Amino acid sequence: MQWKSSLLAAAFAGIGLAATAGTASAAGPTCKDGTIKVGAVSTITGPADFSEVPKATQAAFDAVNAAGGINGCKIDYTIADDKADPAVAAQAARDLIDNKEAVALVGSGSLLDCAVNSATYSRKKILSVQGLGVDAACFSSPNVAPVNVGPYTLSTAMAWYATNQLKSEKLCAFFIIIGGTQEAYKKAIENWEKISGKKIHLIDLTLPFQGDLTPYVIKARDAGCDAVLTNQVEPQVVQLIKTVDAQKISGINWLFLAPGYTEQVASALADTKQPIYVGTEWEPFTEKSSAANAQWVADMQKAGRPLTAFSQGGYLAAQLFVKVVASIDGEVTRESVSKALHEMQPITNPLAGSPYVFGTAKMHSPMQSTKVMKLEKGAWTVETPDWVVLPQAK
Amino acid sequence: MNALLTSAVAGLTAGGTYALLGVCAVFTYRLVAVVNFTGAAIGTAGTFVLIALYEAGFPIWPSVLAGIAVGTVVGVAIGYIMTRWFGEASASTKAAVTVALLVGIIAIGLRLTGGQHPHNMPELFPGSAFRMAGVEVTIASVLTIGLAALFTVLADLFLNNTKVGLNLRALADRPMAAELLGIRVQLLSLLVWGMTGAFTTFALMIIAPQRSPNFMTLSLLVVPALAAALVGLFRSFWRTLAGGIGLGLVEGMASSVDSISQYRSAIPFLVVLAVLLWSQREARWDEAR
């Protein structure tokens with residue numbers, strides 16, 4: 001019987017070896033229970049609604065899962081609503097990290113997630129591929145790297161566009177300052193001054209969130225501004241231009257950031273003759289037929305989701321995350337995902353003008369390009385078919 | 001100096017708005033004894049009906065009438081709540097109730113009107129009336145100031161020279177006694193609420209195109225309006241009118257001085273504080289006499 005059991009043992013050993021060899025040759029991500037747990041902290045109810053961002057991330061993950069997942073691993077995605085309330089936001093992040101055991105945060109879009117939670121993310125060693133970075137902390141934290149350009153870099157980029165392409169000589173900037181954003185906007189203008197070698201003609205950091213804008217547009221006119229850059233959000237963009245029209249001001253280019261780039265603004269300002277420009281965070285979402293948007297449009301339509309700029313952010317975050325996870329060799333854990341994001345090579349995606357990279361820097365703002373849209377007769381038209389890429393400061 | 005004049009004139013638009021809404025607030029207070037925080041929100045509700053109809057392709061003026069009708073109904077509804085359940089409550093309770101109602105109306109209004117998304121607000125009176133100190137004074141702002149003045153004159157005449165006016169004043173001061181005298185308290189109150197509802201709606205329709213076109217911003221115009229009403233100590237229509245316009249002028253001038261302009265939104269608060277101190281001082285004197 002001796003030889004029989006020896007043979008059996010040898011056979012088992014052989015199978016075992018083969019099995020080990022099998023795993024080794026099929027390099028790629030593996031997962032416990034067949035799922036990869038991912039979360040997002042977003043403002044869904046409250047003064048603002050950024051739910052389009054994580055919902056698009058969800059749609060993109062659903063598409064991946066339907067196609068078999070990442071190397072067989074399905075993504076289990078949880079969206080937590082922070083209600084724009086710091087206490088709720090902190091609780092939501094803890095729940096995702098400790099109870100849901102998320103390996104990373106993907107596609108968050110929130111008024112205060114970064115400001116409230118970035119310290120927690122650092123402490124818990126979890127990284128966030130933010131779908132829409134809103135507050136200044138999203139661009140100054142080691143554990144958050146947004147997939148959008150963000151208001152500060154976009155301010156620099158639009159100022160650069162004004163001097164470089166619109167040939168503005170007297171650029172003025174009017175900013176609404178909410179919370180701790182004053183330094184970030186000042187820095188944005190300083191960066192532009194370094195890049196362009198020009199000086200800002202007038203900078204006003206006192207624009208009111210609500211109130212009459214007549215004194216401000218008069219101030220811009222009397223100061224002789226030939227271009228005005230402001231960070232007004234949607235309804236105020238409409239108010240500003242209506243006030244400019246009421247004051248019969250002409251000869252000033254009006255430059256806004258991405259929040260002004262919506263179809264509602266276009267239709268509310270259909271009658272104005274003012275030259276209005278906005279910078280986009282990604283490939284212009286109103287260009288539904290552009291090749292860069294094709295995959296996004298197809299996936300969103302399949303999921304029955306509206307085609308908005310916010311949804312591009314969530315979708316892009318999901319796409320980039322899936323690519324990074326697919327490059328992991330071994331089990332997908334918080335550690336391995338963080339390591340992969342830290343060591344990743346820049347990934348290009350047609351939705352964005354800059355390659356995305358997380359990396360190990362103390363702060364992240366990988367997206368440095370915009371496309372500029374011009375408002376013409378109630379519709380947005382592409383002013384720069386090529387990306388306006390911000391050069392490095394001299 | 002010239003820049004200061006220019007920015008003062010630029011503040012006229014806001015001043016007319018504050019004056020008009022302030023006078024409405026004083027009217028409500030003197031007739032139904034409520035410091036009404038929902039004033040601008042009632043007008044905003046009616047204005048958004050106009051916007052919805054206009055965006056759906058209806059002609060402007062019938063939509064304006066429909067909007068005013070809705071503003072009136074909302075005014076009456078709030079009046080009903082106030083007279084039915086809080087008729088006997090103290091002035092401060094009533095004010096607190098209207099604050100709660102304001103928060104509720106804004107929350108519902110924001111949901112129904114698509115949150116912060118701007119709307120296409122038709123300009124009822126487009127164009128510029130004249131140019132002064134390098135600023136176009138729009139027809140709409142002339143109209144708001146004119147309407148505020150007209151309302152001031154009419155309200156003064158109505159309260160002091162008509163029987164209904166007298167009845168209404170009795171109602172505000174001593175509702176119980178007025179009821180015993182046979183005055184139809186509930187009906188008259190609702191009439192006042194409906195009238196101010198209609199009037200503020202029309203006022204808001206004129207003002208809205210120059211402001212940020214979303215529900216919350218328009219509803220919160222009530223804050224400077226109440227500051228103006230306080231200048232008139234919730235009694236004098238003329239002082240409220242002057243207070244509203246003055247507030248606008250000061251705000252305008254403040255925006256031309258960099259060091260002050262970041263505190264510009266605190267100006268109504270400072271005005272309120274100054275007025276309260278001033279009125280207290282008078283009380284002191286009275287006591288001392």
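The values are calculated or read from the model by the stated rules, or taken from the named source; none is laboratory data. For clarity, every value in this text was computed on a predicted model and none was experimentally measured. Please note: Cβ atoms are built from the backbone with ideal geometry, for glycine as well, and neighbour counts cover all protein chains shown. For the accessible areas, the whole protein counts, side chains as well, though only heavy atoms, and no ligand, DNA or RNA atoms are used. Shrake-Rupley method; radii C 1.70, N 1.55, O 1.52, S 1.80 Å.
Could you please find all residues in the stretch A:173-196 being outside any helix (DSSP H, G or I), of a type in the set (A, V, I, L, M, F, W, C) and either over 23 Å from residue A:134 (Cα atoms) or open to solvent by 60 Å² or more (accessible area, probe 1.4 Å) (or both)? Walk me through how you get there before you give the answer.
Pass one, the stretch A:173-196, residues outside any helix (DSSP H, G or I): A:173-181.
Okay, now just the ones that are also of a type in the set (A, V, I, L, M, F, W, C), so A:173-178.
Listed by number, the list holds a single entry, A:178.
Checked against (1) outside any helix (DSSP H, G or I); (2) within 11 Å of chain A (Cβ to nearest Cβ), residue B:124 passes all but a single condition, namely (2). So, of the residues in the stretch B:9-24 that are among the aliphatic types (A, V, I, L, M) and within 9 Å of chain A (Cβ to nearest Cβ), which turns out to be nearest to residue B:210 (Cα to Cα)? Only one residue fits best here, namely B:14.
Being part of a helix (DSSP H, G or I) and either crowded, with 18+ Cβ neighbours inside 10 Å or among the polar types (S, T, N, Q) (or both) is the filter here, so list the residues in the stretch B:250-266 that pass it.
Pass one, the stretch B:250-266, residues part of a helix (DSSP H, G or I): B:250-254, B:258-261, B:264-266.
Across the stretch B:250-266, the qualifying residues are B:250, B:251, B:252, B:253, B:254, B:259, B:261, B:264, B:265.
What residue, of A:117, A:143, A:65, A:148, is open to solvent by less than 50 Å² (accessible area, probe 1.4 Å), out of contact with any helix residue (DSSP H, G or I) (no Cβ under 8 Å at 6 or more places or on another chain) and among the polar types (S, T, N, Q)?
On the way: A:117 fails: out of contact with any helix residue (DSSP H, G or I) (no Cβ under 8 Å at 6 or more places or on another chain); A:143 fails: out of contact with any helix residue (DSSP H, G or I) (no Cβ under 8 Å at 6 or more places or on another chain); A:148 fails: out of contact with any helix residue (DSSP H, G or I) (no Cβ under 8 Å at 6 or more places or on another chain).
After applying the criteria, what remains is A:65.
The condition of being of a type outside the set (Lys, Arg) and open to solvent by 50 Å² or more (accessible area, probe 1.4 Å) holds for only one of B:18, B:54, that being B:54. Selection within the stretch B:106-121: residues that are surrounded by 19 or more Cβ atoms within 10 Å (Cβ to Cβ) and either basic (Lys, Arg) or farther than 12 Å from residue A:47 by Cα (or both). The member of this set that is nearest to the other protein chains (Cβ to nearest Cβ) is B:118.
Restricting the stretch A:279-328 to residues that are of a type in the set (Lys, Arg) and assigned to a loop (DSSP other than H, G, I, E, B), the residue that is nearest to residue A:341 (Cα to Cα) is A:305.
Please enumerate the residues belonging to the stretch B:208-225 that are within 14 Å of the chain's Cα centre (by Cα), open to solvent by less than 20 Å² (accessible area, probe 1.4 Å) and of a type outside the set (Gly, Ala, Ser). Show your work before the answer.
So in the stretch B:208-225, the residues within 14 Å of the chain's Cα centre (by Cα) come out as B:208, B:217-225.
Adding the requirement that they be open to solvent by less than 20 Å² (accessible area, probe 1.4 Å) leaves B:208, B:217-219, B:221-222, B:224-225.
If the condition is that a residue be within 14 Å of the chain's Cα centre (by Cα), open to solvent by less than 20 Å² (accessible area, probe 1.4 Å) and of a type outside the set (Gly, Ala, Ser), then B:217, B:218, B:221, B:222, B:224 are the ones that fit.
Is it the case that the stretch A:263-282 has a residue that's within 16 Å of the chain's Cα centre (by Cα) and among the charged types (D, E, K, R)? Please lay out each step first, then the result.
Looking only at the stretch A:263-282, we keep the residues that are within 16 Å of the chain's Cα centre (by Cα), and these are A:279-282.
If we keep only those that are among the charged types (D, E, K, R) too, we end up with A:281.
The answer is yes, given that some residue of the stretch A:263-282 is within 16 Å of the chain's Cα centre (by Cα) and among the charged types (D, E, K, R).
If you go through the stretch B:83-105 one residue at a time, do you hit one that is touching a residue at least 60 places away in the same chain (Cβ under 8 Å), farther than 19 Å from residue B:222 by Cα, polar (S, T, N, Q) and not in a strand (DSSP E or B)? Among the residues of the stretch B:83-105, at least one is touching a residue at least 60 places away in the same chain (Cβ under 8 Å), farther than 19 Å from residue B:222 by Cα, polar (S, T, N, Q) and not in a strand (DSSP E or B), which makes the answer yes.
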